[in-house]
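For reference, the structure is listed below as C-alpha coordinates.
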Amino acid sequence: MTGSIPLSAKDVSQRFFRKRPEDTLPLTVEHQRIYIVPSKRGLAFLLALMVCLIASINYQLNLGYALSFLLAGLFAASLLHTYKNLSGLTLDAVSAKPATCGDNAVFQLQLSNKGQQDRIGIDITYAGERVRTDVNTNETTRVELPLKTTQRGYQALGRIALTSQYPIGLWTTWSYCHTPASVIVRPKPETNPPPMPRSFADGDADSTQQGIDGDVASLRDYVPGDPLTRIAWKRAARGGSLHVRELEENHPGGDIELNVAATDFHDIEAQMSRLAAWVMDAHRAGASYSLSLDGQQLDTAAGDAHRNACLDALATYKVQAPGQLP
(Lines give C-alpha, C1' and ligand atoms only; values in the text may rest on other atoms or scores of the structure.)
Protein backbone atom coordinates (compact mmCIF):
# COMPACT_ATOMS: atom_id res chain seq x y z
CA MET A 1 0.00 0.00 0.00
CA THR A 2 1.30 3.39 -0.96
CA GLY A 3 0.99 5.91 1.86
CA SER A 4 0.93 9.67 1.54
CA ILE A 5 4.01 11.63 2.62
CA PRO A 6 3.28 13.61 5.80
CA LEU A 7 3.58 17.37 5.50
CA SER A 8 6.37 19.14 7.36
CA ALA A 9 5.71 22.03 9.72
CA LYS A 10 6.92 24.48 7.06
CA ASP A 11 4.60 22.97 4.45
CA VAL A 12 1.63 23.22 6.82
CA SER A 13 2.54 26.84 7.62
CA GLN A 14 2.83 27.63 3.90
CA ARG A 15 -0.50 25.99 3.13
CA PHE A 16 -2.39 27.94 5.77
CA PHE A 17 -0.55 31.26 5.91
CA ARG A 18 1.20 31.57 2.48
CA LYS A 19 4.38 33.00 3.98
CA ARG A 20 6.50 32.20 0.92
CA PRO A 21 5.87 33.84 -2.49
CA GLU A 22 4.98 30.64 -4.31
CA ASP A 23 1.55 31.43 -5.79
CA THR A 24 1.31 31.65 -9.57
CA LEU A 25 -1.09 33.76 -11.62
CA PRO A 26 -3.87 33.66 -12.59
CA LEU A 27 -5.06 32.55 -9.15
CA THR A 28 -8.68 31.67 -8.41
CA VAL A 29 -9.84 31.83 -4.80
CA GLU A 30 -11.27 28.37 -4.09
CA HIS A 31 -12.74 26.76 -0.99
CA GLN A 32 -9.44 25.27 0.24
CA ARG A 33 -7.92 28.78 0.40
CA ILE A 34 -10.84 30.48 2.16
CA TYR A 35 -11.09 31.07 5.91
CA ILE A 36 -14.23 32.31 7.66
CA VAL A 37 -14.91 33.17 11.30
CA PRO A 38 -17.50 35.31 13.12
CA SER A 39 -16.57 38.98 13.15
CA LYS A 40 -16.60 41.11 16.31
CA ARG A 41 -20.07 42.25 15.32
CA GLY A 42 -21.04 38.61 14.81
CA LEU A 43 -19.81 37.63 18.27
CA ALA A 44 -21.79 40.47 19.82
CA PHE A 45 -24.81 39.31 17.79
CA LEU A 46 -24.41 35.75 19.16
CA LEU A 47 -24.15 37.05 22.71
CA ALA A 48 -27.35 39.07 22.31
CA LEU A 49 -29.04 36.05 20.73
CA MET A 50 -28.05 33.87 23.67
CA VAL A 51 -29.42 36.40 26.15
CA CYS A 52 -32.66 36.54 24.16
CA LEU A 53 -32.96 32.75 24.15
CA ILE A 54 -32.25 32.42 27.89
CA ALA A 55 -34.86 35.09 28.66
CA SER A 56 -37.39 33.31 26.46
CA ILE A 57 -36.77 30.02 28.26
CA ASN A 58 -36.98 31.67 31.69
CA TYR A 59 -40.21 33.52 31.01
CA GLN A 60 -41.74 31.03 28.54
CA LEU A 61 -42.04 33.64 25.77
CA ASN A 62 -43.17 32.00 22.55
CA LEU A 63 -42.46 35.12 20.52
CA GLY A 64 -39.01 35.19 22.09
CA TYR A 65 -38.39 31.65 20.86
CA ALA A 66 -39.51 32.61 17.37
CA LEU A 67 -37.29 35.69 17.32
CA SER A 68 -34.29 33.74 18.62
CA PHE A 69 -34.61 31.00 16.00
CA LEU A 70 -35.26 33.54 13.23
CA LEU A 71 -32.11 35.46 14.11
CA ALA A 72 -30.12 32.22 14.40
CA GLY A 73 -31.26 31.32 10.87
CA LEU A 74 -30.19 34.77 9.67
CA PHE A 75 -26.77 34.29 11.25
CA ALA A 76 -26.32 30.91 9.55
CA ALA A 77 -27.57 32.14 6.15
CA SER A 78 -25.22 35.12 6.20
CA LEU A 79 -22.27 32.71 6.50
CA LEU A 80 -23.02 31.25 3.06
CA HIS A 81 -23.46 34.69 1.44
CA THR A 82 -20.22 35.99 2.95
CA TYR A 83 -18.33 32.91 1.75
CA LYS A 84 -19.75 33.12 -1.78
CA ASN A 85 -18.80 36.81 -2.01
CA LEU A 86 -15.14 35.76 -2.08
CA SER A 87 -15.23 32.27 -3.58
CA GLY A 88 -14.42 32.16 -7.30
CA LEU A 89 -12.80 35.60 -7.45
CA THR A 90 -9.70 35.53 -9.68
CA LEU A 91 -6.45 37.48 -9.38
CA ASP A 92 -5.32 37.64 -13.01
CA ALA A 93 -2.18 39.75 -12.92
CA VAL A 94 0.03 42.06 -10.87
CA SER A 95 2.04 44.82 -12.56
CA ALA A 96 4.05 47.87 -11.56
CA LYS A 97 6.32 50.52 -13.05
CA PRO A 98 9.79 51.38 -11.68
CA ALA A 99 9.72 53.87 -8.82
CA THR A 100 12.23 56.30 -7.30
CA CYS A 101 13.42 55.67 -3.76
CA GLY A 102 11.32 57.66 -1.30
CA ASP A 103 8.28 57.74 -3.58
CA ASN A 104 5.40 55.30 -3.72
CA ALA A 105 5.68 52.19 -5.87
CA VAL A 106 2.22 51.58 -7.30
CA PHE A 107 1.26 47.96 -7.87
CA GLN A 108 -1.78 47.35 -10.06
CA LEU A 109 -3.90 44.27 -9.41
CA GLN A 110 -6.31 42.90 -11.99
CA LEU A 111 -9.31 41.10 -10.48
CA SER A 112 -11.96 39.32 -12.53
CA ASN A 113 -15.36 37.91 -11.61
CA LYS A 114 -16.73 35.12 -13.79
CA GLY A 115 -19.45 34.19 -11.31
CA GLN A 116 -23.16 34.96 -11.39
CA GLN A 117 -23.16 37.55 -8.61
CA ASP A 118 -21.46 40.86 -7.96
CA ARG A 119 -18.63 40.85 -5.42
CA ILE A 120 -19.29 43.74 -3.05
CA GLY A 121 -16.92 45.29 -0.53
CA ILE A 122 -13.76 43.30 -1.25
CA ASP A 123 -10.94 44.59 0.96
CA ILE A 124 -7.35 44.10 -0.22
CA THR A 125 -4.97 44.19 2.74
CA TYR A 126 -1.20 44.54 2.19
CA ALA A 127 1.74 45.83 4.25
CA GLY A 128 -0.61 47.23 6.89
CA GLU A 129 -2.70 49.13 4.30
CA ARG A 130 -6.21 48.44 3.01
CA VAL A 131 -8.00 49.23 -0.25
CA ARG A 132 -11.68 48.42 -0.95
CA THR A 133 -13.18 47.59 -4.32
CA ASP A 134 -16.19 45.96 -5.99
CA VAL A 135 -16.03 43.47 -8.86
CA ASN A 136 -19.22 43.19 -10.90
CA THR A 137 -20.39 40.06 -12.67
CA ASN A 138 -18.37 39.16 -15.80
CA GLU A 139 -16.17 42.22 -15.38
CA THR A 140 -12.52 42.95 -14.66
CA THR A 141 -11.42 45.53 -12.11
CA ARG A 142 -7.98 47.09 -11.69
CA VAL A 143 -6.93 48.18 -8.22
CA GLU A 144 -3.88 50.33 -7.40
CA LEU A 145 -1.87 49.52 -4.29
CA PRO A 146 0.62 52.30 -3.37
CA LEU A 147 3.60 51.08 -1.35
CA LYS A 148 6.19 53.39 0.23
CA THR A 149 9.78 52.72 -0.82
CA THR A 150 12.72 53.28 1.51
CA GLN A 151 15.73 51.85 -0.34
CA ARG A 152 16.82 51.17 -3.89
CA GLY A 153 16.77 47.70 -5.37
CA TYR A 154 13.68 45.54 -5.49
CA GLN A 155 10.48 46.22 -3.56
CA ALA A 156 8.30 43.14 -3.11
CA LEU A 157 4.55 43.49 -2.82
CA GLY A 158 4.49 40.69 -0.26
CA ARG A 159 1.47 38.74 0.89
CA ILE A 160 -1.94 40.24 0.27
CA ALA A 161 -5.25 39.22 1.83
CA LEU A 162 -8.61 39.41 0.07
CA THR A 163 -11.18 40.03 2.81
CA SER A 164 -14.95 40.48 2.94
CA GLN A 165 -17.71 40.95 5.54
CA TYR A 166 -20.54 41.33 3.04
CA PRO A 167 -23.55 41.37 3.36
CA ILE A 168 -24.25 42.29 7.02
CA GLY A 169 -20.88 42.06 8.69
CA LEU A 170 -21.55 39.06 10.96
CA TRP A 171 -18.78 36.96 9.40
CA THR A 172 -15.25 37.73 8.22
CA THR A 173 -13.86 35.71 5.34
CA TRP A 174 -10.38 36.02 3.84
CA SER A 175 -7.89 34.37 1.53
CA TYR A 176 -4.12 34.87 1.27
CA CYS A 177 -2.31 35.42 -2.04
CA HIS A 178 1.49 35.59 -2.09
CA THR A 179 3.11 35.96 -5.51
CA PRO A 180 6.78 36.82 -6.28
CA ALA A 181 5.73 40.25 -7.57
CA SER A 182 8.33 43.00 -7.13
CA VAL A 183 9.24 46.32 -8.67
CA ILE A 184 12.57 48.04 -9.37
CA VAL A 185 13.26 50.99 -7.06
CA ARG A 186 15.72 53.44 -8.60
CA PRO A 187 18.11 55.55 -6.49
CA LYS A 188 17.01 59.06 -5.65
CA PRO A 189 19.09 61.55 -7.68
CA GLU A 190 21.42 63.73 -5.65
CA THR A 191 20.33 67.34 -5.19
CA ASN A 192 22.72 69.89 -6.72
CA PRO A 193 25.33 67.40 -7.96
CA PRO A 194 28.73 68.62 -9.23
CA PRO A 195 29.33 68.85 -12.99
CA MET A 196 29.45 65.61 -14.94
CA PRO A 197 32.79 64.10 -15.94
CA ARG A 198 33.37 64.28 -19.67
CA SER A 199 35.79 62.42 -21.96
CA PHE A 200 36.45 63.56 -25.51
CA ALA A 201 37.08 61.43 -28.52
CA ASP A 202 40.09 63.56 -29.50
CA GLY A 203 41.78 63.11 -26.14
CA ASP A 204 42.92 60.29 -23.93
CA ALA A 205 40.11 57.72 -23.58
CA ASP A 206 40.88 57.28 -19.89
CA SER A 207 41.03 60.96 -19.04
CA THR A 208 38.13 62.87 -17.52
CA GLN A 209 37.58 66.44 -16.55
CA GLN A 210 34.98 67.90 -14.26
CA GLY A 211 32.91 70.24 -16.39
CA ILE A 212 33.96 72.24 -19.41
CA ASP A 213 35.43 75.72 -19.42
CA GLY A 214 33.10 78.52 -20.41
CA ASP A 215 31.38 81.65 -19.18
CA VAL A 216 29.99 81.80 -15.64
CA ALA A 217 26.26 81.14 -15.77
CA SER A 218 25.30 81.09 -12.05
CA LEU A 219 26.37 80.22 -8.51
CA ARG A 220 25.20 77.26 -6.44
CA ASP A 221 26.02 75.80 -3.02
CA TYR A 222 29.24 73.81 -2.70
CA VAL A 223 28.89 70.02 -2.81
CA PRO A 224 31.73 67.71 -1.69
CA GLY A 225 33.56 66.61 -4.81
CA ASP A 226 33.32 69.93 -6.65
CA PRO A 227 36.64 71.12 -8.18
CA LEU A 228 38.40 73.64 -5.97
CA THR A 229 39.02 75.83 -9.01
CA ARG A 230 35.27 76.38 -9.36
CA ILE A 231 34.78 77.75 -5.82
CA ALA A 232 33.97 81.48 -5.63
CA TRP A 233 36.77 82.31 -3.19
CA LYS A 234 36.19 86.07 -3.25
CA ARG A 235 32.59 85.58 -2.17
CA ALA A 236 33.70 83.16 0.55
CA ALA A 237 36.31 85.65 1.80
CA ARG A 238 33.55 88.17 2.46
CA GLY A 239 32.15 85.86 5.09
CA GLY A 240 29.62 83.96 3.01
CA SER A 241 29.23 80.23 2.63
CA LEU A 242 31.05 78.32 -0.08
CA HIS A 243 29.55 78.63 -3.56
CA VAL A 244 30.57 77.05 -6.84
CA ARG A 245 30.52 78.75 -10.23
CA GLU A 246 28.26 77.07 -12.80
CA LEU A 247 29.78 77.47 -16.25
CA GLU A 248 28.18 77.49 -19.63
CA GLU A 249 29.38 74.36 -21.39
CA ASN A 250 31.35 74.97 -24.55
CA HIS A 251 32.82 71.69 -25.74
CA PRO A 252 33.77 70.07 -29.04
CA GLY A 253 31.05 67.43 -28.80
CA GLY A 254 32.53 64.56 -26.81
CA ASP A 255 30.65 61.77 -25.07
CA ILE A 256 30.09 61.60 -21.33
CA GLU A 257 31.54 58.64 -19.47
CA LEU A 258 29.89 57.88 -16.12
CA ASN A 259 31.45 55.47 -13.64
CA VAL A 260 31.66 54.83 -9.93
CA ALA A 261 35.19 56.21 -9.56
CA ALA A 262 34.15 59.63 -10.90
CA THR A 263 31.70 60.19 -8.02
CA ASP A 264 34.47 60.65 -5.40
CA PHE A 265 32.31 58.73 -2.90
CA HIS A 266 33.04 55.49 -1.07
CA ASP A 267 29.48 54.81 0.09
CA ILE A 268 27.57 52.80 -2.52
CA GLU A 269 24.26 54.58 -1.97
CA ALA A 270 25.90 58.00 -2.36
CA GLN A 271 27.62 56.77 -5.53
CA MET A 272 24.34 55.55 -7.02
CA SER A 273 22.58 58.78 -6.08
CA ARG A 274 25.19 60.95 -7.80
CA LEU A 275 25.29 58.75 -10.90
CA ALA A 276 21.48 58.88 -11.10
CA ALA A 277 21.63 62.69 -10.98
CA TRP A 278 24.24 62.74 -13.76
CA VAL A 279 22.15 60.37 -15.89
CA MET A 280 19.15 62.68 -15.53
CA ASP A 281 21.25 65.78 -16.29
CA ALA A 282 22.75 64.19 -19.40
CA HIS A 283 19.32 63.06 -20.58
CA ARG A 284 17.84 66.54 -20.14
CA ALA A 285 20.76 68.00 -22.08
CA GLY A 286 20.21 65.51 -24.91
CA ALA A 287 23.80 64.30 -24.60
CA SER A 288 25.20 60.87 -25.39
CA TYR A 289 26.66 59.07 -22.40
CA SER A 290 27.82 55.67 -21.21
CA LEU A 291 27.66 54.01 -17.81
CA SER A 292 30.27 51.68 -16.40
CA LEU A 293 29.64 49.61 -13.28
CA ASP A 294 31.59 46.66 -11.91
CA GLY A 295 30.96 43.86 -14.40
CA GLN A 296 28.39 45.85 -16.37
CA GLN A 297 28.88 48.26 -19.25
CA LEU A 298 26.17 50.29 -20.97
CA ASP A 299 27.57 51.68 -24.21
CA THR A 300 27.24 55.28 -25.29
CA ALA A 301 23.70 56.19 -26.33
CA ALA A 302 20.93 58.69 -25.66
CA GLY A 303 17.16 58.77 -25.36
CA ASP A 304 14.49 57.49 -22.99
CA ALA A 305 15.33 53.80 -23.39
CA HIS A 306 19.00 54.38 -22.55
CA ARG A 307 18.11 56.56 -19.56
CA ASN A 308 15.77 53.87 -18.20
CA ALA A 309 18.36 51.15 -18.74
CA CYS A 310 20.98 53.17 -16.85
CA LEU A 311 18.65 53.95 -13.95
CA ASP A 312 17.62 50.28 -13.71
CA ALA A 313 21.28 49.26 -13.68
CA LEU A 314 21.95 51.71 -10.84
CA ALA A 315 18.91 50.41 -8.97
CA THR A 316 20.05 46.80 -9.10
CA TYR A 317 23.79 47.40 -8.61
CA LYS A 318 25.03 44.90 -5.97
CA VAL A 319 21.45 44.03 -5.01
CA GLN A 320 20.14 40.47 -4.91
CA ALA A 321 17.20 40.06 -7.25
CA PRO A 322 14.02 38.39 -5.92
CA GLY A 323 11.24 37.08 -8.17
CA GLN A 324 10.38 39.79 -10.66
CA LEU A 325 7.15 40.73 -12.40
CA PRO A 326 6.38 38.93 -15.65
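The values are calculated or read from the model by the stated rules, or taken from the named source; none is laboratory data. A quick note: this is a predicted structure, and the numbers were derived from the prediction, not measured. Cβ placement follows ideal geometry from the backbone for every residue including glycine, while neighbour counts extend to all protein chains displayed.
Would you check if Ile160 is surrounded by 15 or more Cβ atoms within 10 Å (Cβ to Cβ), in contact with a Ser or Thr (Cβ under 6 Å, 6 or more places away or on another chain), more than 30 Å from Ile256 (Cβ to Cβ) and modelled with pLDDT of 90 or more?
So Ile160 does not fit the description; no.
What is the one condition in (1) at positive phi; (2) of a type outside the set (Phe, Trp, Tyr); (3) touching a strand residue (DSSP E or B) at 6+ places or on another chain (Cβ under 9 Å) that Leu298 does not satisfy?
Leu298 satisfies all of (1) at positive phi; (2) of a type outside the set (Phe, Trp, Tyr); (3) touching a strand residue (DSSP E or B) at 6+ places or on another chain (Cβ under 9 Å) except (1).
Looking only at the stretch 83-142, count how many residues are small (Gly, Ala, Ser), touching a residue at least 12 places away in the same chain (Cβ under 8 Å) and either part of a loop (DSSP other than H, G, I, E, B) or at positive phi (or both).
Number satisfying all stated conditions: 6.
What pairs can you find where one residue is in the stretch 165-182 and in the same structural domain as Ala44 (by TED's automatic domain parsing) and closer than 10 Å to Ser78 by Cβ, the other is in a loop (DSSP other than H, G, I, E, B) and of a type outside the set (A, V, I, L, M, F, W, C), and their Cβ atoms are less than 9 Å apart, with a gap of 6+ or different chains?
Gln165/Ser39; Gly169/Ser39; Leu170/Ser39; Trp171/Ser39; Trp171/Gln165
Among the numbered conditions (1) modelled with pLDDT of 95 or more; (2) assigned to a loop (DSSP other than H, G, I, E, B), tell me where Ser175 comes up short.
Single failed check for Ser175: (2).
Of all residues in the stretch 308-322, which are in contact with a Phe, Trp or Tyr (Cβ under 9 Å, 6 or more places away or on another chain) and surrounded by 11 or more Cβ atoms within 10 Å (Cβ to Cβ)?
Once the filter is applied, which keeps residues that are in contact with a Phe, Trp or Tyr (Cβ under 9 Å, 6 or more places away or on another chain) and surrounded by 11 or more Cβ atoms within 10 Å (Cβ to Cβ), the stretch 308-322 yields Cys310, Ala315, Thr316, Val319, Pro322.
Quick check on my filter: what residues within the stretch 113-146 are more than 21 Å from the chain's Cα centre (by Cα) and over 17 Å from Tyr83 (Cα atoms)?
Asn138, Glu139, Thr140
Taking the stretch 218-238, which residues are modelled with pLDDT under 70 and hydrophobic (A, V, I, L, M, F, W, C)?
Result: Leu228, single match.
Got a sec? Which of Leu70, Leu80 is farther than 20 Å from Tyr35 by Cβ and free of Cβ contacts under 8 Å to residues at least 12 places away in the same chain?
Going through Leu70, Leu80 in turn, just one is farther than 20 Å from Tyr35 by Cβ and free of Cβ contacts under 8 Å to residues at least 12 places away in the same chain: Leu70.
Return only the number of the condition from (1) under 28 Å from Pro187 (Cα atoms); (2) surrounded by 14 or more Cβ atoms within 10 Å (Cβ to Cβ); (3) modelled with pLDDT of 95 or more that Val135 does not satisfy.
(1)
Condition first: closer than 19 Å to Ala161 by Cβ and not in a helix (DSSP H, G or I). Can you find one or more residues in the stretch 39-58 that meet it?
yes
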